[in-house]
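Visitor: Right, I'll just put the structure down here and ask away after.
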Amino acid sequence: MRNKYSVFSLIKNALSYHENWQRAWKDPTPKKEYDAVIVGGGGHGLATAYYLAKKHNMNNIAVVEKGWIGGGNTGRNTTIIRSNYLWDASAGLYDHALKIWEGLSQELNYNVMFSQRGVMNLAHNLQDVRDLKRRTHANRLNGIDAVYLSTEEVKKFCPIINTSPDIRYPVLGGTLQRRAGTARHDAVAWGYARGADAMGVDIIQNCEVKGIKRNGDSVEGIETTKGFIKTKKVGVVAAGHSSVIANMAGLRLPLESKPLQALVSEPVKPIIDTVVMSNAVHAYVSQSDKGELVIGAGTDDYVSYTQKGSHQIVEGTLNAILELYPIFSRMRMLRQWGGIVDICPDASPILSKTSIKGLYFNCGWGTGGFKATPGSGDLFAHTIANDEPHELNAAFNLNRFVSGDLVDEHGAAAVAH
Amino acid sequence: MFLINCPYCGERDQQEFKAGGEAHIERPKQPTELSDDEWAEYLFMRKNTKGVQFERWNHAHGCRKWFNMVRDTSNDEIKAIYKMGEKPPAQ
């Protein structure tokens, strides 16, 4: 029986010096057979397992993770959550996730520290202004809250931004989604893991997939470092390593894996109470509850699995940050890291069946998957359980690269993710 | 970030170069006869190898010439560089 977290359990455990907390999830050895196996124990994979158990009564399932849960991109992103995407399909997908975020801490009985502090996107040239106004209108037609701000309103909402007309890329305006914000990324993985585990899902860490066994066009199981696991359904949620798993099954995906970097500063007192993104100069920044500035940089343009990334990418981002926020000129950066992101040609994700029966892929989230974690898990669980996509992820199928019906967020929305 | 030995200019910083993706993808000889599946394969599907990968690079901020590279994407180690039109080295 899972103990509920509450103020009373906190007091009770404080009295015993926090030494008797129940384990949040078990550490099981894999069974011989499961109804479904999820490959990848990040936020999306754990959420998929959680919703498979909760909404589709599939409790005899496992999540296999080659490292530790939440140790990949879930623990490496800049935690921004928003749904102000241009196209109807994307708006539907990301706003579905945002609606789940709004009640997630209560649902999981786990504080994911979801904070609707707003996300502001800046415009630095006339084309930006036109694109952002168009996006604001598109958002509102889709029922997503969005407002367009003048330069003065940008300054009022976030006073530390340099709105002088004399800087190299002056701020000409911006958009604001007030329901957007941030959440604690580790807590999302831990909360979903605890929830899934409580419903009987086996979370198997340090278990790397080495092969996918097929019988003709159907999946029979997976070879792992902890032995063969028989299953008829495999849901792959392996982010940057999706192509590696696909190759094991003899599939090719329209993905390129590239390092994306982020960095945090030394912790300081509260100075920025929102999230500000600027696509044109590629700088975005927010402040964590610990006080660190959380800064997202860009991707390198070559395929690499090194989780490092190039120095000039970070330098370019910090140049832009310093011009937009002169107040940060003497801040020191504390840590920098990279994660491997799998990018689709149209910068939209794939949540899809494949040509192999029982093999499903949830990948291609590129540089912006964290925000979609709950929605992605919910819709992918639906796809696996019913062997059919939900209407909200039907557009994000693999076949769009054959039919040409792409969800082109890259070119049209100029959205950094 | 690494150094790249441009076959025309010599060793330069990687930031002078532009990555051009997977190499040796041949343009279809009879484009009009291709099915949608074959177009998708040619345009979008990639090996995205973790390990030794053959790829194209362009010395964008130098001689602006294209060339081929064999690189291990798991550690960014460059195995070989050869000019366009040359046969890839055996691996």
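Visitor: How far is helix A:126-141 tilted, in degrees, relative to the longest principal axis of the Cα atoms in chain A, given as a value from 0 to 90 rounded to the nearest 10?
Guide: On a 0 to 90 degree scale, this one is about 50.
Visitor: Which of A:Tyr302, B:Tyr42, A:Tyr169 has the fewest other C-beta atoms within 10 Å, and how do the rest follow up to the most? Spell out each step's value before the answer.
Guide: On the way: A:Tyr302 23, B:Tyr42 14, A:Tyr169 17.
Going from sparsest to densest Cβ surroundings: B:Tyr42, A:Tyr169, A:Tyr302.
Visitor: Over chain A, with a Gaussian network built from C-alpha contacts below 10 Å, which listed residue (A:Gly173, A:Gly250, A:Gly71) shows the highest mean-square fluctuation?
Guide: Among A:Gly173, A:Gly250, A:Gly71, the largest GNM mean-square fluctuation belongs to A:Gly250.
Visitor: Roughly how big is segment A:28-116's charge dipole about its Cα centre, with Cβ charges of +1 (Lys, Arg) and -1 (Asp, Glu), in debye to the nearest 20?
Guide: Details: 8 positive and 7 negative charges, 45 e Å.
For this selection, approximately 220 debye.
Visitor: Using the number of other C-beta atoms within 10 angstrom as an exposure proxy, rank A:Asp145, A:Asp217, A:Asp197 with the fewest first. Provide the component values of the computation, followed by the final result.
Guide: Values: A:Asp145 17, A:Asp217 11, A:Asp197 23.
By the 10 Å Cβ count, ascending: A:Asp217, A:Asp145, A:Asp197.
Visitor: Subtracting the Cα-Cα distance from 0.36 nm times the residue separation, let me have the gained length for A:Lys55 to A:Asp27 in nm, one decimal.
Guide: Values: separation 28, 0.36 × 28 = 10.08 nm, distance 2.37 nm.
Residue separation times 0.36 nm, minus the Cα-Cα distance, leaves 7.7 nm.
Visitor: To the nearest 20 debye, what is the magnitude of the charge dipole of segment A:257-409 about its Cα centre, counting +1 on the Cβ of each Lys and Arg and -1 on the Cβ of each Asp and Glu? Don't jump to the answer; show the numbers that get you there.
Guide: Values: 11 positive and 17 negative charges, 109 e Å.
Here the size comes out at about 520 debye.
Visitor: Right, something else. How big is the charge dipole of chain B about its Cα centre, in debye rounded to the nearest 20, if each Lys and Arg gets +1 on its Cβ and each Asp and Glu gets -1 on its Cβ? Let's see the in-between values first.
Guide: Values: 14 positive and 15 negative charges, 73 e Å.
Using Cβ point charges on Lys, Arg, Asp and Glu, chain B gives about 360 debye.
Visitor: Shielding of A:248-254 by partners, i.e. mean partner chain Cβ atoms within 10 Å per residue?
Guide: 3
Visitor: Just to verify a number: FRET efficiency for B:Arg27 and A:Lys155, C-beta to C-beta distance, R0 = 45 Å, to 0.05? Before the final figure, lay out each step's value.
Guide: Values: r = 51 Å, r/R0 = 1.14.
That gives a FRET efficiency of 0.30.
Visitor: Please work out how much length the chain gains when fully extended from A:Asp166 to A:Asn215, using 0.36 nm per residue of separation minus the C-alpha to C-alpha distance, in nm with one decimal.
Guide: So the chain would gain 11.1 nm between A:Asp166 and A:Asn215.
Visitor: In segment A:62-93, which residues have a backbone nitrogen under 15 Å from the label point lying 7 Å from A:Ser288's Cα in the Cα-to-Cβ direction?
Guide: Taking a point 7 Å out along Cα→Cβ of A:Ser288, the residues of segment A:62-93 whose backbone N falls under 15 Å are A:71-80.
Visitor: Using a 10 Å cut-off on Cβ atoms, rank the peptides B:79-85, A:253-259 from the highest mean neighbour count down.
Guide: A:253-259, B:79-85
Visitor: Compute the FRET efficiency between A:Thr225 and B:Val52 as 1/(1 + (r/R0)^6), taking r as their Cβ-Cβ distance and R0 = 25 Å, and round to the nearest 0.05. Provide the component values of the computation, followed by the final result.
Guide: Numbers: r = 23 Å, r/R0 = 0.91.
It comes to 0.65.
Visitor: Roughly how tilted is helix A:311-324, in degrees to the nearest 10 and between 0 and 90, from the longest Cα axis of chain A?
Guide: 40 degrees
Visitor: What distance in nm lies between label points placed 7 Å from Cα along the C-beta direction at A:Asn13 and A:Ile271?
Guide: Label-label distance for A:Asn13 and A:Ile271, simple model: 3.4 nm.
Visitor: Take the residue pairs A:Lys66/A:Lys258; A:Lys55/A:Lys232; A:Lys54/A:Lys213; A:Lys32/A:Lys232; B:Lys18/B:Lys50 and return only those whose Cα atoms are more than 24 Å apart.
Guide: Checking Cα-Cα distances, A:Lys54/A:Lys213 exceed 24 Å.
Visitor: Quick one: if the Förster radius is 30 Å, what FRET efficiency do A:Glu208 and B:Ser35 give, using the C-beta to C-beta distance and rounding to 0.05? Write down the numbers at each step before the final one.
Guide: Working: r = 37 Å, r/R0 = 1.22.
Using R0 = 30 Å, I get an efficiency of 0.25.
Visitor: I'd like the Karplus ³J(HN,Hα) series for segment A:177-190: coefficients 6.51, -1.76, 1.60, θ = phi - 60°, whole numbers in Hz, and an x wherever there's a Gly or Pro.
Guide: My calculation for segment A:177-190 gives 10, 6, 6, 6, x, 9, 8, 7, 5, 4, 4, 5, 5, 5 Hz in order.
Visitor: Order the peptides A:111-119, A:4-12, A:36-44, A:378-386 from the highest to the lowest mean number of other Cβ atoms within 10 Å of their residues.
Guide: Details: A:111-119: 18.7, A:4-12: 10.9, A:36-44: 29.9, A:378-386: 23.0.
Answer by packing, highest mean first, reads A:36-44, A:378-386, A:111-119, A:4-12.
Only the coordinates and a few stated rules stand behind these numbers; no lab work does. Predicted model, so just to flag it, every value in this text is computed and none were measured. Positions of Cβ are generated from backbone atoms using ideal geometry, with glycine treated the same way; all protein chains shown enter the neighbour counts.
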